[in-house]
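Take a look at the structure set out below.
The values are calculated or read from the model by the stated rules, or taken from the named source; none is laboratory data. This is a predicted model, so every value here is computed, not measured. The accessibility values were calculated without ligands, DNA or RNA, using every heavy atom of the protein model including side chains. Shrake-Rupley method; radii C 1.70, N 1.55, O 1.52, S 1.80 Å.
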Amino acid sequence: MQTKIFNTKEELNRAFTDYLKEILKDRERVTVALSGGSTPKSLFDYWAQRHATDIDWKSVFLFWGDERCVPPTDEQSNYKMTRDHLLDHVAIPERNIFRIKGENDPAAEAQRYSTLLQMEVETVDTVPSFDLVILGLGDDGHTASIFPHEIDLWESADLCVVGTHPDSGQKRISLSGKVINHAQRVAFLVTGDGKAEKVKQIIESGKEVAAAYPAAKVKPLTNNLVWFLDKEAARLLGK
């Protein structure tokens, strides 16, 4: 695991862009599972404004790590956020975009998306293996849409699972832990003072935390895990 700490979101975005470009180098197809949230929104704006032409978008194939069970026009939709802040501003072919259809029945859509992943993403030991999975970190230690109260979903034999938000009861479709940990690379993007306590617990603590927080169970089989943090999110590390 690597931990990279930056003074500003812009520095983080710049470093992550270099990280993506390195993955894309000499590749015709790179599969990426996206995250929702405010940090990816900042990254997408950065790409749209500064890297619309110098990233090889035709080689990027986009999927989602999770999606709220709402229509694609809903303000809560991760797809809509990505569409508004990135996809409408860069020359990525529509055939490269594979959204989770949050408007569908959750269980049926989880199965449909699982089948799609098996067809569109290279597999390792029969499990889809993304070139890159981008994750966020919730204040409660959740990642993708697997929450602490449903942590058993992480170990599901399924490729996609249906999670439930602990407060709103909203259904969400999420990659399972098996798919996340089969990725070639996993990157957490975490910013803000409100994430500092969980960042410290997850990066510096042991098995007890791993048993409680889904984000602590992110351990790709390749060992290729990078945390991109701003200084606020990292402020408690080493203390």
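Share of carbon and sulfur in the accessible area of the chain stands at 46%, probe radius 1.4 Å.
In this structure the chain gives 45 Å² per residue of accessible area when probed at 1.4 Å with all protein chains present. Bridging of LYS58 to lysines at a Cα separation below 30 Å is possible for LYS4, LYS9, LYS21, LYS25, LYS41, LYS80, LYS101, LYS178, LYS219, once same-chain residues fewer than 8 apart are set aside.
Evaluating kT/(6 pi eta Rh) at 10 °C and 1.306 mPa s, with the Kirkwood radius of the range 1-66 over Cα pairs in the Stokes-Einstein relation, gives 124 µm² s⁻¹.
When shorter helices are ignored and each DSSP H run of at least 4 residues is given -39500 (n - 2.57), the per-residue value for the chain at 222 nm works out to -9000 deg cm²/dmol. Each pair of Cα atoms in the range 46-121 enters the Kirkwood radius, and Stokes-Einstein at 4 °C and 1.567 mPa s then converts it into a translational diffusion coefficient of 97 µm²/s. The range 136-157 and the range 23-66 have Cα centres spaced 24 Å apart.
You can think of it this way: the chain between GLN111 and ARG14 has 31.3 nm of extra reach, that is 0.36 nm per residue less the Cα-Cα gap. Over 23 Å apart: what share of the alpha carbon pairs of the chain falls there, rounded to a whole percent? I get 45 percent for the Cα pairs in the chain exceeding 23 Å.
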